[in-house]
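Everything below concerns the one structure shown next.
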Amino acid sequence: MGSFMTVGLKKTVSLVLLPIDDFTDRIITGSRIRMYTLEGGRPAIRKNDGYHVFCDLDGGEADICIDGPLYQKQTLKLPINRETAEVYQVRMVPGPGYPIPGGATVLTGKLPEGSEIRVFFQEQKKSCKLLYDYSPKEQGRKLALFQPAAMHLEGKTLCISGKKKDWEFFRITAQDKENCLLEHPLSKAYRKIGTSVYPVYETAAKEDKNFYLPIRSVPEEGVCRCILKRADGREKEYELPLVSGRENRIPEEFWKEET
C-alpha cells in the first residue's frame, strides 16, 4: 500500500479500488472500466495494474460510480480512511455486451422493481469447507476455508449453510490462501463438520426491471437456490431449474407473490 499513499507531490490518497471480473476472477485492467464520484464527477487515477485511486476527497465517505461497456453499472458508498487507504475489491458482473464463451449459462428476465437476486448451487463437490469451528466472539471477521479448487474469493459474496440447512450471506474483503477476512462477523457460530460454503452469483434489476446474470458453471442437476430481495427488504427463496449452456429467461410472473 505504500505506493498509493502519495500520488504526485501534493495529493493524498482517499480511496483505492480494484475491479475484479466476476466471471473470470481476473483483475480488470485498461480502459474497460471507469470510476468516478457521483458528486462532481471526479475520475479516479487508473494505474496500469488495475488499481483505481481517488485523491483528496472531502468528507468521511464517498459515493462512487463504476461502469464500462462490458459490465453492469453499480454505485458504492465507501468510507474514507486517509490513514490506511484500504483497498476495496469490487466484483463487476458482465452485461449483455460481454463476450460470454460458448457453453456458459446465462440467467435473464425481469425482476420486481428495485429488487436484487442471489443465486447459489448446493453442490458439495465445489463447495468450500471450514477448516475449524467458527465463533463470532472468538474469530470475529477471520474465517479459514478449505477450497477443493483454488478460488479467488476477495470481493466475493458467499453463502454459508450449517446442519440446520439455514443460510446466511457474507462477503470476503481479503484472502491469504485459506485465511479470509470478512466484511462483517457472521451472525452465529458454525461447526466445522456439517457446514458448507457456496459461491454466490448476484445482480440487481435495472431501471427497466431487466436483469442479466452469467454463470460460469452449472452442476448436472441444474437446480439452484435463488434468493429474491425486494426493494422493501423482504426476502423469499425459490428453487430454480436451469438448463446448462444456454440462456434461461425467467418471466416476471415467476416472482409474483401469492395472494
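The values are calculated or read from the model by the stated rules, or taken from the named source; none is laboratory data. Quick caveat: nothing in here was measured; it's all calculated off a predicted structure. For neighbour counting, all protein chains shown are included, and Cβ atoms are generated from backbone atoms with ideal geometry for every residue, glycine included.
Taking the listed residues 70, 153, 158, the one that is without any contact (Cβ under 8 Å) to a residue 60 or more places away in the chain, within 18 Å of residue 23 (Cβ to Cβ) and in contact with a Lys or Arg (Cβ under 7 Å, 6 or more places away or on another chain) is 70, with no other qualifying. Does residue 82 count as at pLDDT below 90, farther than 23 Å from residue 203 by Cβ, of a type outside the set (A, V, I, L, M) and surrounded by 12 or more Cβ atoms within 10 Å (Cβ to Cβ)? Answer is yes for this residue. Considered as a group, the residues in the range 11-45 that are over 25 Å from residue 157 (Cα atoms) and basic (Lys, Arg) include one that is modelled with the highest pLDDT, and that residue is 42. Against the list (1) loosely packed, with under 12 Cβ neighbours inside 10 Å; (2) charged (D, E, K, R); (3) closer than 28 Å to residue 255 by Cβ, the condition residue 156 fails is (1).
The number of residues in the range 165-201 that are part of a loop (DSSP other than H, G, I, E, B) and either free of Cβ contacts under 8 Å to residues at least 12 places away in the same chain or polar (S, T, N, Q) (or both) comes to 6.
May I ask you to list the residues in the range 207-233 that are part of a strand (DSSP E or B) and out of contact with any Leu (no Cβ under 6 Å at 6 or more places or on another chain)? Scanning the range 207-233 gives 210, 212, 214, 215, 223, 225, 227, 228, 229.
Condition check ((1) closer than 14 Å to residue 203 by Cβ; (2) without any contact (Cβ under 8 Å) to a residue 60 or more places away in the chain) across all residues:
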| residue | (1), (2) |
| --- | --- |
| 89 | no, no |
| 108 | yes, no |
| 113 | no, no |
| 116 | yes, no |
| 119 | yes, no |
| 123 | no, no |
| 140 | no, yes |
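When the range 14-43 is limited to residues that are part of a loop (DSSP other than H, G, I, E, B) and of a type in the set (Ser, Thr, Tyr), the one that is nearest to residue 98 (Cα to Cα) turns out to be 24.
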